[in-house]
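The values are calculated or read from the model by the stated rules, or taken from the named source; none is laboratory data. The structure presented is a predicted model; accordingly, all values stated were derived computationally and were not measured. Note that we place each Cβ from the backbone using ideal geometry, even for glycine, and neighbour counts take in every protein chain shown.
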Amino acid sequence: RLAEVGLMERADDLTNTFSRGMRQRLGLARTLLHDPDLVLLDEPYTGLDHHAATVLRTVLETLRDGCRTVVLVTHNLTQGLELADRVAIQVRGRFAWEGGSTDVVARDFEVLYQETVDRVEGCR
């Protein structure tokens, strides 16, 4: 799995020499090591440089093989929508909207997101 996340050349290095992005990629490799049916990722792009983000996206696309469920939490609406089959908007720990990623286009999803958050926040 180290090769998948671009860390094979660092396999013998101590992890305390790794950058934050490298540690995140190592964490992803560890997560996938046992080939889980369910993968939970919370803001996996945080702290990644462009190269590492590209590697992560490639790995996430390979996980869309129909053999597992990937739950990806992100504040990057466009990126999340591109990677997802289903999307949800969570406000204050509760799901406020859920649907298929093909139900909305990225531009409209940002508006839907803001309207949903405003509606829920207004009900407080």
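Scanning the range 68-84 for residues that are at pLDDT 90 or above and either exposed (fewer than 15 other Cβ atoms within 10 Å of the Cβ) or among the charged types (D, E, K, R) (or both) yields 68, 69, 71, 73. Of all residues in the range 64-87, those being under 13 Å from residue 101 (Cβ atoms) and without any contact (Cβ under 8 Å) to a residue 12 or more places away in the chain number 1. If the condition is being closer than 13 Å to residue 56 by Cα, in contact (Cβ under 8 Å) with a residue 12 or more places away in the chain and either under 17 Å from the mean Cα position of the chain (by Cα) or not assigned by TED's automatic domain parsing to the domain that holds residue 52 (or both), then the range 1-40 contributes 4, 5, 21, 22, 24, 25, 26, 28, 29, 32. Of the residues making up the range 3-58, those that are farther than 21 Å from residue 69 by Cα and surrounded by 15 or more Cβ atoms within 10 Å (Cβ to Cβ) are 6, 7, 10, 18, 21, 22, 48, 52. Within the range 23-52, the set of residues being at pLDDT 90 or above and of a type in the set (A, V, I, L, M) comprises 26, 28, 29, 32, 33, 38, 39, 40, 41. You will find that of 105, 59, 55, the residue that is over 14 Å from residue 42 (Cα atoms), β-branched (Val, Ile, Thr) and not assigned by TED's automatic domain parsing to the domain that holds residue 35 is 105 and no other. Among the conditions (1) basic (Lys, Arg); (2) touching a residue at least 24 places away in the same chain (Cβ under 8 Å); (3) surrounded by 13 or more Cβ atoms within 10 Å (Cβ to Cβ), residue 94 misses just one, which is (3). Is it the case that some residue within the range 66-78 is closer than 28 Å to residue 28 by Cα and over 19 Å from the mean Cα position of the chain (by Cα)? No: zero hits. Scanning the range 67-124 for residues that are within 27 Å of residue 32 (Cβ to Cβ) and of a type outside the set (A, V, I, L, M, F, W, C) yields a total of 16.
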